[in-house]
Structure formats: C-alpha cells, structure tokens
1. Out of the range 94-104, which residues are more than 12 Å from Leu3 (Cα to Cα) and surrounded by fewer than 23 Cβ atoms within 10 Å (Cβ to Cβ)?
2. Can you run down the residue pairs with Cβ atoms below 8 Å, 6 or more apart or on separate chains, where the first is in the range 9-28 and under 19 Å from Ala79 (Cα atoms) and the partner is of a type in the set (Phe, Trp, Tyr) and outside any helix (DSSP H, G or I)?
3. What helices (runs of 4 or more DSSP H), lying completely within the range 133-251, carry at least 3 residues that are in the same structural domain as Val112 (by TED's automatic domain parsing) and closer than 22 Å to Trp263 by Cβ?
4. Can you spot a residue in the range 14-23 that is within 22 Å of Val198 (Cβ to Cβ), in contact with a strand residue (DSSP E or B) (Cβ under 9 Å, 6 or more places away or on another chain), buried (at least 21 other Cβ atoms within 10 Å of the Cβ) and of a type in the set (S, T, N, Q)?
5. From Ala277, Ala260, grab the single residue that is in contact with a Phe, Trp or Tyr (Cβ under 8 Å, 6 or more places away or on another chain), surrounded by 14 or more Cβ atoms within 10 Å (Cβ to Cβ) and part of a helix (DSSP H, G or I).
6. Take the residues in the range 174-197 that are within 16 Å of Asp88 (Cα to Cα) and in contact (Cβ under 8 Å) with a residue 60 or more places away in the chain, then tell me which one is surrounded by the most Cβ atoms within 10 Å (Cβ to Cβ).
7. Quick one: which residue in Ala230, Ala235, Ala267 is without any contact (Cβ under 8 Å) to a residue 60 or more places away in the chain, buried (at least 20 other Cβ atoms within 10 Å of the Cβ) and among the small types (Gly, Ala, Ser)?
Amino acid sequence: QPLITVVIPTRNRRRLLEEAVESVRRQTYPNWELIVVDDCSQDDTWSYLTSLQDPRIRAIRLEQHSERSAARNRGLAEARGEYVLFLDDDDLLAPRSLELLAAEAARYPAAVGVAGGALQFDARGHRRRVRWPRRRWRGLVWPAILWGWWVLQGQALIKRDELVKSGGWDATLAGPEDQELWLRLGCRGPAVLVPELVLMNRCWVTWRGADTAEVEAEFRRQFVATLAGAEGVLARKVLASREAFGRAVQAYAENRFREAFLWWWRALRLAPRVVLAAPIRPTSLGLGLRIFVGLLAGGRAMTALRRLTAAARNRLRRAPAGVVEVSGSAVWKGSRHR
C-alpha cells in the first residue's frame, strides 16, 4: 500500500475546507498524508488547521497570496507519497476513493495516473450530473483532452515523479489549468479510467466565458506546435474535429439538423479513434443520436422533446436516490457507489 499524498489548496473557505478534510480522514485506505496549503486566508482557516490533532495532516501557510496552481505546486514540493491527488477545498472524496484508485494503480504500474468518476452537485446539495467512464479504459488521454474531455482534480491519482518531470502546474493559468496539465501528463504515458465514483464535485455559477475559451484555445495551439510527425498530424486532425463538433452542436441547437449531421459526420471522419474513444463516446454518439431523431421528427417535435427532457432532468435533480453526510452537510451520491 504505497503512501498517497492528498494536496488541498485553500483560501478563505474554512467551512468548506473542513468538509473536504473530513472526507479525507474518512478514507478506507490507511496509508495517506494530507497537505493543506493556506493561501493567505483572512478568515479563521489557519486557526482551524493548527487545531487539527492528526499526525497525518500538515498545514503550510504561504507568505504571499498566489493563485491556486502555485499553492498546488508548493504542496507537490512537500509531498512524500508515491502518488498525489489534488483536491479542491470545496469538493469531497467518496469514502473508498483512495482504496479504489490505488488498487487500479497497482494493476497498471506503467500508467501515469488513474481517474475515476465524479458526481456534481449544486450549493443546495441537488445532484446535477454524473461524469464517469462507462467501462474500464487504458490508453493515451492527450488526444481526448485536446478534443475537449477533461479530468477534474480529485478524480485522479497521479504518480508524483511524473508530475515533477512534467513541470507541475502552470501558475500563470486560472481556470483551465487542469486541462493544460493533463495535456502534458498525457504525453508521458498511458492513463487508466475506471467506472467507479470517487469524487463529489460542488458546482457553483459557471465561470466560463470568452476570455477563458481564448486561453484554452491558445494553450491548445501551443501544445500542438510542440508535436511532430504522426503525433502532430493527429493533433491537428483532433483540433479540426473539435471545431466541427462545436459547429454541429450549434446547428443542432438551432434545429438545422441536416447541417448538424454534416458537421457531426465531419468531426467523426477527421479523428474516428478519438471521437469514439471511451472518454468521448457518450458525448459524440449522444449528439449523433439526437441529430438523427431531429431529422426524423422535425424542429417543432424536437423543441417539445427538449422541454420535456429538461423538466424530467430537473425533477431527478430534486429527487436523487441517496444521501451521504459529511460534517453535517447532506450531498447526493450516485447509485453505483455504495
């Protein structure tokens, strides 16, 4: 049972941090250490951290306020574990997360990382959606990341040596820094995806905007520019496929189903192995099915169907199947994790 280091960067969120810390302390996997990096909090976060009487937990206070990626890098520098998991201070680990991820890492020692699934919930504890692999999958993930798939922090157990060799987190990015990290990590070796729920991810009001999209586009272009030969050719096809898929989504939303199908088919033809790979397949084939139904049913029928689907989804979010208690706060858990 190798030592696992969990790193939590935090700033001014003592109540949420306490829940995150408690979710680590409740792990069934015994061999872990927790490093909490306090990024100059102005509330009582530091008092809480210094009051913890647990030799497995170390608290570090930065002298100067910095972005969360810099705090993660500080935690990485202090880590002693063979594997590292980065957990945001407002998220929660499922009780068996480290146990499940460590078991998969032992099965695939050549993998740079192992990722499970995440259940996303809102501020009221209502389930929003579940993001997890439908089946176990092993392979290079950088094409899927480049296409648009991403790994949330807390979903993945990563080899510490590979993190260090890749340069750690890019402290100049705020928002899409996890995608940029996984593009670099994904070039260093295969990753493993497992159909197990390991993370409960708290969703706030969306932060995405035009500026964030441009930042993502720029580091994708920079990444592609570093690749040569067959990898470079594949990367350019993946970017073109991503753009075509985006146009298909837009055309579908506007009930232009024939145009949507043509763009979707182009996205599939440009990079079929990527578009049909396990991380992306539910998204890509799901859109294809909806476009096909739209071609058969027509615009008015699809508009009505979308409304019915949205209403059903909202009812499901308000009436989830199970509840898990963490520090007195109830959040929903998925039926596949017991």
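1. Passing the criteria: Pro95, Arg96, Leu100, Ala103, Glu104.
2. Pro9/Phe86; Val24/Trp32
3. Result: 142-147.
4. Scanning the range 14-23, I find at least one residue that is within 22 Å of Val198 (Cβ to Cβ), in contact with a strand residue (DSSP E or B) (Cβ under 9 Å, 6 or more places away or on another chain), buried (at least 21 other Cβ atoms within 10 Å of the Cβ) and of a type in the set (S, T, N, Q), so the answer is yes.
5. Residue meeting the stated conditions: Ala260.
6. Ranking the qualifying residues of the range 174-197, first place goes to Glu177.
7. Sole residue among the options that is without any contact (Cβ under 8 Å) to a residue 60 or more places away in the chain, buried (at least 20 other Cβ atoms within 10 Å of the Cβ) and among the small types (Gly, Ala, Ser): Ala267.
The values are calculated or read from the model by the stated rules, or taken from the named source; none is laboratory data. Since the structure is predicted, the reported quantities are computational estimates derived from the model, not experimental observations. Glycine gets a Cβ as well: all are built from the backbone with ideal geometry, and neighbour counts include every protein chain shown.
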